[in-house]
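Read the structure below first, then the notes.
The values are calculated or read from the model by the stated rules, or taken from the named source; none is laboratory data. The shown structure was predicted, so the numbers you read here are calculated from the model rather than taken from an experiment. We place every Cβ from the backbone using ideal geometry, glycine too, and count neighbours over all the protein chains shown. Calculation scope for accessible area: heavy atoms of the full protein, side chains included, ligands and nucleic acids excluded. Shrake-Rupley method; radii C 1.70, N 1.55, O 1.52, S 1.80 Å.
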Amino acid sequence: MKKNLFAFLLTFTLLIPSAAFGQQAVRITPAERRMAAAITAAQLSSYLHFVASDAMGGRDTPSQGLDITAEFIKMNLQRWGFKPAGDNGTFFQKMALRRDTVDAANAFVEIGGLKFAYGKDFMRVAGNNTGSVSAPIVYAGNGWIVKSKNLNAYQNIDVKGKYIAVYAEGIPSNQYIVPLPTGVVAADLQGEFGRDWADAVTYARQNGAVGVIVLPSKFLQENWEGLRQRFGRTRYYVEKLAAPPAAPPTTASVPSIFVASPEVANSIFAGESANPLRGNAGNSFDLNPNKKINFNIVPKSESVMTQNVVGVWEGSDRVLKNEMVAIGAHYDHVGTNPNAPGPDKIWNGADDDGSGTVAVLAIAEALAKAKTRPKRSVLFVWHAGEEKGLWGAEYFNKFPTVDIKNVVAQLNIDMIGRSKKPGDTNPKNKDLTGENAIYVIGSEMMSSTLGAITKQTNDAFLKMTYDYKYDDPKDTNRFFFRSDHYHYAVNGIPIAFWFDGVHEDYHQPGDHADKIDYTKMERVTRTIFLTMLELADLKIRPQIDKQLSPELTGR
Ligand SMILES: [Zn+2]
């Protein structure tokens, strides 16, 4: 067999540590099997039909559905006698979320003696300047420079100290709020960005304009409410974790980009020789220099609280109970989308990650029902904000409510409820695991002991197919980065992650509780329960004997 030298050395190293720590092959005792048997498909199904019901509204962060789910988890932990491990003796680790938005009630635009309301007649779609900015206006057609197509909207005009009004049919995108002109495609954007081609926002920034006014194309008028939903509301961020989300690069220093209603647009062009809304404005031109438009933006920041749910099942050993095996999932998903094309507006997130949420709950219940306690304690964390960017896991690792140095390993469960049926040829399910298989990611990356126990527990129990293909650091899916375990790993805690694979309902409104394979979910959950028990009773905590490859730590 062809192997490189390094691989040979590694295998050798692998053997030494586990042997050195006298770790026996895993054997599942009858008592442990009875404990695991407390986890049932029926139990999982009843919890999941609650957590992923339409009533939870897809558990966005923040949302009422998320808060109700948190209360549900807390209620059960209290009933089962768990120790609260959140803030101040509670089960919640609170996280303050904040968003900087516009005080619509006090913001206005004024032109020609007329005042227009925020939200109804204009809204800011990018930029973060506030206060009152009054300036003259220049009209710049579609606002683009595309030298490869001999397009330059700024040939005869100077935009310095002015608002640039632009009109372009087509659909705005996050990248270009002013859509590409008709007949121009991305391939036409050749040469140097900002010189040989530039959108209105970039040109405005580079040439000292005070802002850009996007005039109401047919698309904008028809989709005003949708745009108001999308642009009228900025995103939340976690106050203690990061600076407010940066504006898209093209708008960084330009104060503001506005979209205007027909009423505002017609007031802008009142008394001018041409009005793009009437289709008679060909080339760019300066509007009456005495005419000024005044945008008055009043900032407002909104804060709401959300929470991780944190509890501990205390271990039985006088010394080892100070150490913890952590087990977690994310109890949030992406919420609802009122503008969704189909009738179903709720992203229920039954598999993602309702399945993990209730699997962790069932593991907690099995511990509570068991006659004996493991030696080490078991730390349970249900993370919020995973879909927003692993918020809850990052927060817990940066502001832990327990002594995180004593966390010996973290077991993460994110999507274990779906299985690919024989004969399923749907390309969207090509990587979905079968009824008796699951992906295991990361278990062999930091601690050979954790890797061995994860593998051996399965071998000694249900012998499911453990697929390690996503451990390849070159795998383009980068699943190692994409769920909560990541922040524990970066924090130096060995992790193991269970995942069923992307499928046809991944991040779709169709991710419902009645599509879950509860038999598979029961098998995976019981196996993870036993893996947790093995780790909790280990004589010596798993040693970190491997470095995460740089590709994985991004360092
Ligand atoms: Zn997920």
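Before moving on, here are some points about what is shown:
- Residue tally, condition open to solvent by less than 20 Å² (accessible area, probe 1.4 Å) and either within 16 Å of the ligand (Cβ to nearest atom) or part of a strand (DSSP E or B) (or both), over the range 329-342: 6
- Pair list, Cβ < 7 Å and 6+ apart or interchain, from the range 343-357 residues that are more than 17 Å from SER483 (Cβ to Cβ) and open to solvent by less than 10 Å² (accessible area, probe 1.4 Å) to residues that are within 13 Å of the ligand (Cβ to nearest atom) and not in a helix (DSSP H, G or I): ASN348/ALA52; ASN348/GLY58; ASN348/ASP511
- Flag for ILE544 being in the same structural domain as LEU320 (by TED's automatic domain parsing), open to solvent by less than 40 Å² (accessible area, probe 1.4 Å) and either on the phi > 0 side of the Ramachandran plot or out of contact with any His (no Cβ under 7 Å at 6 or more places or on another chain) (or both): no
- Among the criteria (1) in a loop (DSSP other than H, G, I, E, B); (2) outside the structural domain of LYS291 (by TED's automatic domain parsing), the one LEU48 does not fulfil is (1).
- Residue ID - nearest to the chain's Cα centre (by Cα), chosen from residues in the range 102-116 that are surrounded by fewer than 16 Cβ atoms within 10 Å (Cβ to Cβ) and not in a loop (DSSP other than H, G, I, E, B): LYS115
- Restricting the range 378-396 to residues that are open to solvent by 10 Å² or more (accessible area, probe 1.4 Å) and touching a helix residue (DSSP H, G or I) at 6+ places or on another chain (Cβ under 7 Å) leaves a set whose member that is nearest to the ligand (Cβ to nearest atom) is GLU386.
- Residues that are within 15 Å of the ligand (Cβ to nearest atom) and on the phi < 0 side of the Ramachandran plot within the range 412-427 comprise ASN412, ILE413, ASP414, ILE416, GLY417, ARG418, listed in sequence order.
- Which numbered condition VAL408 misses (of (1) more than 16 Å from the ligand (Cβ to nearest atom); (2) open to solvent by 10 Å² or more (accessible area, probe 1.4 Å); (3) not small (Gly, Ala, Ser)): (2)
- Residue identified as modelled with pLDDT of 95 or more and either within 16 Å of the ligand (Cβ to nearest atom) or among the polar types (S, T, N, Q) (or both) among ASP459, ASP467, ASP505: ASP505
Here is a yes/no grid of residues against (1) out of contact with any helix residue (DSSP H, G or I) (no Cβ under 7 Å at 6 or more places or on another chain); (2) under 22 Å from VAL133 (Cα atoms); (3) aliphatic (A, V, I, L, M):
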position: GLY183; (1), (2), (3): yes, no, no
position: ALA187; (1), (2), (3): yes, no, yes
position: ARG195; (1), (2), (3): yes, no, no
position: THR202; (1), (2), (3): no, yes, no
position: ASN207; (1), (2), (3): yes, yes, no
position: VAL212; (1), (2), (3): no, yes, yes
position: LEU215; (1), (2), (3): no, yes, yes
position: ASN223; (1), (2), (3): yes, no, no
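- From the list ALA364, ALA326, the one residue that fits, being away from the ligand (no atom under 13 Å from the Cβ), in a strand (DSSP E or B) and either in contact with a helix residue (DSSP H, G or I) (Cβ under 9 Å, 6 or more places away or on another chain) or not small (Gly, Ala, Ser) (or both), is ALA326.
- VAL138 vs. criteria buried (at least 17 other Cβ atoms within 10 Å of the Cβ) and not in a strand (DSSP E or B): no
- Evaluation of LYS428 against (1) open to solvent by less than 10 Å² (accessible area, probe 1.4 Å); (2) among the basic types (Lys, Arg); (3) more than 24 Å from ARG79 (Cα to Cα) (one fails), failing number: (1)
- Looking across the range 471-498, the residues that are within 16 Å of the ligand (Cβ to nearest atom) and either open to solvent by 10 Å² or more (accessible area, probe 1.4 Å) or of a type in the set (Asp, Glu) (or both) come down to ASN477, ARG478, PHE479, PHE481, ARG482, ASP484, TYR486, HIS487.
- Being within 16 Å of the ligand (Cβ to nearest atom), at positive phi and open to solvent by less than 20 Å² (accessible area, probe 1.4 Å) is a description that applies to GLY442.
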